[in-house]
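A short worksheet on the structure shown next.
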Amino acid sequence: MRNTMELKYVVREGEISDLHKVVALYRTVASRSGGIAREADEVTEAYVRSFIEKSLESGIILTVENPEKPDTLIAEVHTYKPGIKVFAHIFSDLTIAVHPDYQGKWIGKLLFGTLLQETISKHSEVMRVELLVRESNKRAIEFYEKFGFNIEGRLENRICDKTGKLEADIPMGWTFSACWQQV
């Protein structure tokens, strides 16, 4: 699946050979406050290999390469099924990472929109996509809401930052039903 934006950024399916590129991207994003939940030193090859394999097996992984340096990723999103039968209609453990130098340039919107389009077109059994976002990350919460995600509660004191400050994680969900298309 390829999708272009201004003929500059191309969304493509991720692959296991992207391992080192994803590690580099995640370490860069993790080194910035509010980027992703993991610290840079927690972004290991084993962690990245695990989510790439799970996404390839039962979900979606999409990437955007740097058009000027194709050996470098500037964005990645992935999600996959939890692996339990009662949750077979759900994509979970969703993470999106956009290189700090490319944030605010609609790349996240392109990537996330493509993820939801692929969910609808290629995974008709999936009726729900869920994610968690830190309460202080208002920009991300607004971003997800624009795509139709709803806030579904609060997980109080779930996050403890480097300074020892506790904050809530916000569960958000997006539901798609084929029945809605017929209305």
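Scanning segment 101-132 for residues being among the aromatic types (Phe, Trp, Tyr) and crowded, with 20+ Cβ neighbours inside 10 Å gives a total of 1.
Would you mind stating whether residue 70 is modelled with pLDDT under 95 and farther than 17 Å from residue 147 by Cβ? Criteria met by residue 70. For segment 44-80, a residue qualifies if it is among the hydrophobic types (A, V, I, L, M, F, W, C) and without any contact (Cβ under 8 Å) to a residue 40 or more places away in the chain, and the qualifying residues are 46, 48, 52, 77.
Residue 96 - would you say it is touching an Asp or Glu at 6+ places or on another chain (Cβ under 8 Å) and among the hydrophobic types (A, V, I, L, M, F, W, C)? Answer is yes for this residue.
Being under 28 Å from residue 113 (Cα atoms), surrounded by 13 or more Cβ atoms within 10 Å (Cβ to Cβ) and touching a residue at least 24 places away in the same chain (Cβ under 8 Å) narrows it down to one residue among 151, 141; which is it? Being under 28 Å from residue 113 (Cα atoms), surrounded by 13 or more Cβ atoms within 10 Å (Cβ to Cβ) and touching a residue at least 24 places away in the same chain (Cβ under 8 Å) holds for just one of 151, 141, which is 141.
Residue count for segment 106-127, restricted to those that are part of a loop (DSSP other than H, G, I, E, B) and either without any contact (Cβ under 8 Å) to a residue 24 or more places away in the chain or among the small types (Gly, Ala, Ser) (or both): 1. Taking residue 113 as meeting all but one of (1) within 23 Å of residue 145 (Cα to Cα); (2) in contact with an Asp or Glu (Cβ under 8 Å, 6 or more places away or on another chain), write down the number of the exception. Only one criterion in (1) within 23 Å of residue 145 (Cα to Cα); (2) in contact with an Asp or Glu (Cβ under 8 Å, 6 or more places away or on another chain) is unmet by residue 113, namely (2).
The values are calculated or read from the model by the stated rules, or taken from the named source; none is laboratory data. Please read these numbers as outputs of a predicted model, since none were measured by experiment. Neighbour counts run over all protein chains shown; Cβ positions are idealised from the backbone, glycine included.
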